Amino acid sequence: MRNLLIVLVAVFALACQRGKETPITSDVSVNSTQLAVFAPLASSVPAPENPTSPAKVDLGWRLYYETQLSANGTQSCNSCHLLDAYGADGKPVSTGVTGKQGGRNAPTVYNAAGHIAQFWDGRAPDVEAQAKGPILNPIEMGMSSSRDVMARLGKIPGYRQAFAAAFPGEPNPMTYDNVGKAIGAFERQLLTPSRWDRYLAGDQSALTPGEKRGLQEFLATGCQGCHNGAYMGGMMFQRMGVVQPWPNTSDLGRYDVTKLPADSLVFKVPSLRNIAKTAPYFNSGGVDSLGEGVRLMARHQLGKELTPDQVASIMTYLQALTGDVPQKYIVPPPPFGSTPAGTAN
């Protein structure tokens, strides 16, 4: 018995010594089957009906920053979807050319090209269609007609050649539909890969232990039911207040498009990519805090009351979804003539 005691003491002492030499760390792993609902971000967003070309992307880049697409000549797509600010403007709702404000928060343009539809209510099927909306919206950019848009662009030296290069073989390449196609082709380049993508590809070191614990909390809460796929959302419509009624019912969402009672308070599920950088949140832009957004979603969509520690853990994970923005596009393109057409891509 005494000999056994001596052996146990020796083993314990050796273990303590090894513990001093090599600190014990807990390995945080996530069940691979749970990760199957996600996918790494692709390198491009295909558009079979709007094939991409360098000249088309270059033109779209110019049009995205073109202030002459607004009635007062001061606003562009980038005014509300700032590419150097993760594609958002940081305001609850944006202000248009007449000083009036829109009714919904301006969502980020980054990664949006891969979504199931565009706008909070999904009224545009793709970014090509979406791009044409704000230009003619009286509250947003305020141009009176597509004809006036093209007349303005036709007076700016360089655009006729740029449209011809972007849409070769067309008898009249300078059309409003081609404005949408060019901006759409450009927006399909606005992808933001992150450490999350490296993790999904098998790099376990891409996330910190704290982020992995946050991912476990995210999964245990059930957030992946809506925020899944390559875009962590953007691929389905969902009603606000699935379990508990949503407090703000002034915006009926998709109902305004379909007029179907079942679509009341239904909105496109936003992507969680770059979510830590795109406050304020929700269609109203009425929530400034990411933590409050997490808490509200758990309560109203899933019927769960999260503790402050659970909220903080999920927020830690969401930081890993902040991606790398394409640096060459966060500034306006060079003036016509300074670089050959089509060198933007």
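Please treat every number below as a calculation from the coordinates, not as lab data. Everything numeric here is computed off the predicted structure, so don't read it as measured data. All Cβ positions, even for glycine, are placed from backbone atoms using ideal geometry, and neighbour counts span all protein chains on display.
Before moving on, here are some points about what is shown:
- Dipole of the chain [Lys/Arg +1, Asp/Glu -1 at C-beta], most positive-end residue of 138, 44, 258: 44
- The chain - mean residue ellipticity at 222 nm from DSSP helices (-39,500 (n - 2.57) per run, n ≥ 4, rounded to 500): -10500 deg cm²/dmol
- In terms of the mean number of neighbouring beta-carbon atoms within 10 Å, the peptides 325-337, 230-242, 44-56 order highest first as 230-242, 44-56, 325-337.
- Take each peptide in 110-118, 274-282, count the other Cβ atoms within 10 Å of every residue, and average; sorted highest first, the result is 110-118, 274-282.
- According to the calculation over all Cα-Cα pairs in region 132-198, the P(r) per 5 Å bin from zero is 3, 15, 20, 21, 16, 9, 6, 5, 4, 0 %.
- For residue 286, the residues whose amide H sits under 5 Å from its own are 281, ignoring neighbours fewer than 5 places away on the same chain, with H placed 1.01 Å from N.
- With 28 Å as the limit on Cα-Cα distance, the pairs of 212/277; 100/304; 181/268; 132/277; 259/304; 56/155 that go past it are 100/304; 259/304.
- Scaled to the globular estimate 2.2 N^0.38 Å, the Cα spread of region 54-191, given as radius of gyration, is 0.99.
- Normalised by the number of residues in the chain, the average gap of Cα pairs under 8 Å and 6 or more apart makes the relative contact order 24 percent.
- Quarter the surface of the alpha carbon convex hull of region 82-140 and you get the mean projected area, 4.1 square nanometres.
- Working ranking of peptides 160-166, 89-95 by packing, defined as the average number of other Cβ atoms within 10 Å per residue, highest first, is 160-166, 89-95.
- Estimated Rh, the chain: Kirkwood, alpha-carbon pairs, angstrom: 22.4 Å
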